[in-house]
């Protein structure tokens, strides 16, 4: 009796990969159909996407990533606008336009250059602002320290604009980051660490 069991065990052969696949396919036909449908959907969607790119081109404009920030006296450039900050100073008070004792006036000279191929609008109150690493926000502020403020005007290609700008910032701020955010040609903002 034990000989018969032993013979049956030795007669059993290991199924081939093809036989295992067939058994799996029959036992799990619904799962197999979902798998085949998923693969077919991926192939069709990728084909449609590739054909769309070939026919219409890519709808995305490549974006160049620039260094996170430059410092005072360095030329910052993002391909559309070029900016440089000089003569940065912090003032405790302003005799003409008083400020709160918990604030200081941040004054600087700035040069802006249009690097695009068309005439652009430059509006300092919209395009320039200061943020700290703590998250505080400061807009342009009128001050007696800005004797020649940078004007709002249209700038021709390769034209340069010079002037002074002032901001009121918290006295405790250690880092002030000037953002030159013109948006010309969908460019990224320039970030200038003006106190370093």
- Among the residues of the stretch 42-76, which ones are modelled with pLDDT of 85 or more and on the phi > 0 side of the Ramachandran plot? 73
- Message: Of the residues 169, 173, only one is in contact with a strand residue (DSSP E or B) (Cβ under 9 Å, 6 or more places away or on another chain) and at pLDDT 90 or above; which?
- Response: 169
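If you check residue 30 against the conditions, is it exposed (fewer than 11 other Cβ atoms within 10 Å of the Cβ) and modelled with pLDDT under 90?
Judged against the criteria, residue 30 is a match.
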- For residue 165, state whether it is touching a residue at least 24 places away in the same chain (Cβ under 8 Å), closer than 21 Å to residue 76 by Cβ, in contact with a helix residue (DSSP H, G or I) (Cβ under 7 Å, 6 or more places away or on another chain) and not in a loop (DSSP other than H, G, I, E, B). yes
- Message: Given (1) at positive phi; (2) touching a strand residue (DSSP E or B) at 6+ places or on another chain (Cβ under 9 Å), identify the lone condition not met by residue 135.
- Response: (2)
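The values are calculated or read from the model by the stated rules, or taken from the named source; none is laboratory data. All values reported here derive from a predicted model rather than from experimental measurement. Neighbour counts run over all protein chains shown; Cβ positions are idealised from the backbone, glycine included.
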